[in-house]
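The values are calculated or read from the model by the stated rules, or taken from the named source; none is laboratory data. This is a predicted model, so every value here is computed, not measured. FYI the Cβ positions are ideal-geometry reconstructions off the backbone, even for glycines, and counts take in every protein chain you see.
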Amino acid sequence: MTELTGKEIVDLNKEYTFYSWSNQGQVNPIPLVRAEGPYFWDADGKRYLDFASQLVNTNIGHQHPKVVKAIQHQAAKLTFASPSMATEPRGLLGKKLAEITPGDLKKTFFTLGGAEANENAIKIARFYTGRHKILARYRSYHGATLGALALTGDYRRLPAEPAISGVVHFLDPYCYRCPFGWEANRENCCLQCIKHVEEVIQHEGPDQIAAIFLEGVTGTNGLIIPPDEYWPRMREICDKYGILLVSDEVMSGWGRTGEWFAVNHWDVVPDIITTAKGITSGYIPLGAVIVREKIARFFDDKVLYAGLTYNGHALACAAALATIEAYEEEMIFENAKRVGKHLGAQLEVLKSRHPCVGDVRYIGLFSGLELVKNRETKEPMDLTPLKNFLIANGVYVFNFKNILFVVPPLVITEEQLDEGLALIDEGLAELMDKMTA
Ligand code: PLP
């Protein structure tokens, strides 16, 4: 293939391909040509520290030799088999997922990504319960296909409506801006966010609700970590009404929080886990819907009306097996926990140094800074200048509204992390100078 210049690559991409969630005339992509560990390089040789793990998925870092080799090996042997076939990587991966998921989660339906995983989880929940309604939260993202977008609570749902019927949203455990007014008195919080869910269930008719979908830890919509009581209480409520509890671990799974899945922090066994991203670290697209034994058994004598040409793709399953092996052998989640502790401490320092940092939230290497113009009013800050400064200086970040994410590959060292945090410190100081000028 010819080697194009950075400008040629960008021009071709912009002229002939669409970019996600963007005004197409305003996109400004980086021509990425090479990557390794926590870094990537553009066509002009400029190096970036990847503080976004691309799209919070390259958990294992870029170009991990073990995974690259496993893909090459599988490609040489068998790249594709129809979903009606049985293959070694698909079988081994299914077994491994049953081992590493909590409780009796056992059987997997493979997809190509997170949206499709949620799409199929909606169908499975409806088939299994014979009920139609689904509950999800406002501050959530579950994917861009119509069903997953209907679950999604954020602004991206609105242009797609009416998407699918029967989805009802409820409010979040967003303690920094508590929708129930407890943010100034967190110690005495009465967990109204949980009582509110039960009230919504009562209004919607408990026997009409198939499932509640929750991100393990809310990602894109602001890195919202629920209070410790939240997940166990949601489990109790679901059991009380025969509603399935679904944990969307697309972003919060695979060591991002320091555990295999975020729900492990609260010892909760959901009925279904949906996942993608870190399962292969993005090297080959793959998603999964993993269900508990009782749901698996339900389909033993009934048709599972679900199918995809690429269900259980051999190359993707081989990539996932190698990724999981590397996670375990190299104790990558241990690193996420250890470096995550350091990250948390450093974010607190940034908060103490810069009044525009209203809140910092972190768990493992899943973290965000919420920037505000004023700590009292919490008026959101426009992050565009800070983001541009960081990217111009070689630290690649992404933001959602006024929340800046720090979500590097889980293999990052403390020194590499500090390199990026020092630049954030500098960028915040510049931002404050401009505000006070
Ligand atoms: N669920 C969550 C929590 C996500 O963060 C995402 C993507 O960011 C999705 C689902 C959708 O996954 P995909 O983009 O692979 O379809």
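Counting only residues that are within 24 Å of the chain's Cα centre (by Cα) and of a type in the set (Phe, Trp, Tyr), the stretch 341-390 holds 2 of them.
Among the residues making up the stretch 391-408, those that are more than 22 Å from the chain's Cα centre (by Cα) and either free of Cβ contacts under 8 Å to residues at least 40 places away in the same chain or farther than 21 Å from residue 346 by Cα (or both) are 392, 393.
Using beta carbons and a limit of 8 Å, which pairs, at least six apart or on different chains, have the first residue in the stretch 46-74 and more than 16 Å from the ligand (Cβ to nearest atom) and the second one in a helix (DSSP H, G or I) and polar (S, T, N, Q)? Here the result reads 49/416; 60/323; 64/323; 67/323, each pair linking the stretch 46-74 to a residue that is in a helix (DSSP H, G or I) and polar (S, T, N, Q). Return the residue satisfying two criteria in turn: it lies in the stretch 296-319 and is more than 16 Å from the ligand (Cβ to nearest atom) and among the hydroxyl-bearing types (Ser, Thr, Tyr), and of such residues it is farthest from the chain's Cα centre (by Cα). Selected residue: 305.
So which residues in the stretch 279-295 are within 19 Å of residue 107 (Cα to Cα) and within 17 Å of the chain's Cα centre (by Cα)?
Scanning the stretch 279-295 gives 279, 280, 286, 287, 288, 289, 290.
Of the strands (runs of 3 or more DSSP E) lying entirely inside the stretch 6-104, those containing at least 1 residues that are among the β-branched types (Val, Ile, Thr), on the phi < 0 side of the Ramachandran plot and surrounded by 13 or more Cβ atoms within 10 Å (Cβ to Cβ) span 32-36. Only one of the numbered conditions (1) among the aliphatic types (A, V, I, L, M); (2) touching a residue at least 40 places away in the same chain (Cβ under 8 Å); (3) more than 30 Å from residue 206 (Cα to Cα) is not met by residue 331, and that is (2).
A quick yes/no check of all residues on (1) modelled with pLDDT of 95 or more; (2) small (Gly, Ala, Ser); (3) surrounded by 22 or more Cβ atoms within 10 Å (Cβ to Cβ):
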site: 252; (1), (2), (3): yes, yes, yes
site: 257; (1), (2), (3): yes, no, yes
site: 261; (1), (2), (3): yes, no, yes
site: 272; (1), (2), (3): yes, no, yes
site: 275; (1), (2), (3): yes, no, yes
site: 283; (1), (2), (3): yes, no, yes
site: 308; (1), (2), (3): yes, no, no
site: 317; (1), (2), (3): yes, no, yes
site: 323; (1), (2), (3): yes, no, yes
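Within the stretch 250-276, residues that are at positive phi and touching a residue at least 40 places away in the same chain (Cβ under 8 Å) sit with their Cβ atoms under 6 Å from residues that are assigned to a loop (DSSP other than H, G, I, E, B) and among the polar types (S, T, N, Q), at 6+ positions apart or across chains, in these pairs: 254/59; 255/59.
Where helices (runs of 4 or more DSSP H) sit wholly within the stretch 135-246, those with at least 2 residues that are out of contact with any strand residue (DSSP E or B) (no Cβ under 8 Å at 6 or more places or on another chain) and small (Gly, Ala, Ser) occupy 146-151.
Among the residues making up the stretch 240-262, those that are within 13 Å of the ligand (Cβ to nearest atom), among the hydrophobic types (A, V, I, L, M, F, W, C) and closer than 16 Å to residue 140 by Cβ are 246, 250, 251, 262. In the stretch 295-322, the residues that are under 19 Å from residue 90 (Cα atoms) reach residues that are surrounded by fewer than 16 Cβ atoms within 10 Å (Cβ to Cβ) and of a type in the set (D, E, K, R) with C-beta atoms within less than 6 angstrom, at least six apart or across chains, in these pairs: 322/66. Before we move on, is residue 116 of a type in the set (Asp, Glu) and within 16 Å of the ligand (Cβ to nearest atom)? For residue 116, the condition - of a type in the set (Asp, Glu) and within 16 Å of the ligand (Cβ to nearest atom) - is met. For the stretch 141-182, name all the residues that are of a type in the set (Ser, Thr, Tyr) and surrounded by fewer than 23 Cβ atoms within 10 Å (Cβ to Cβ). Once the filter is applied, which keeps residues that are of a type in the set (Ser, Thr, Tyr) and surrounded by fewer than 23 Cβ atoms within 10 Å (Cβ to Cβ), the stretch 141-182 yields 145, 155, 165, 174, 176. When 358, 364 are checked against the criterion of being in contact with a helix residue (DSSP H, G or I) (Cβ under 9 Å, 6 or more places away or on another chain), surrounded by 16 or more Cβ atoms within 10 Å (Cβ to Cβ) and on the phi > 0 side of the Ramachandran plot, a single residue qualifies: 364.
Going by the structure shown, is residue 323 part of a helix (DSSP H, G or I), among the hydroxyl-bearing types (Ser, Thr, Tyr) and under 22 Å from the mean Cα position of the chain (by Cα)?
yes
The residue that is nearest to the chain's Cα centre (by Cα), among those in the stretch 140-156 that are within 23 Å of residue 205 (Cα to Cα) and away from the ligand (no atom under 11 Å from the Cβ), is 153. Scanning the stretch 326-338 for residues that are within 19 Å of the chain's Cα centre (by Cα) and among the aliphatic types (A, V, I, L, M) yields 332, 336.
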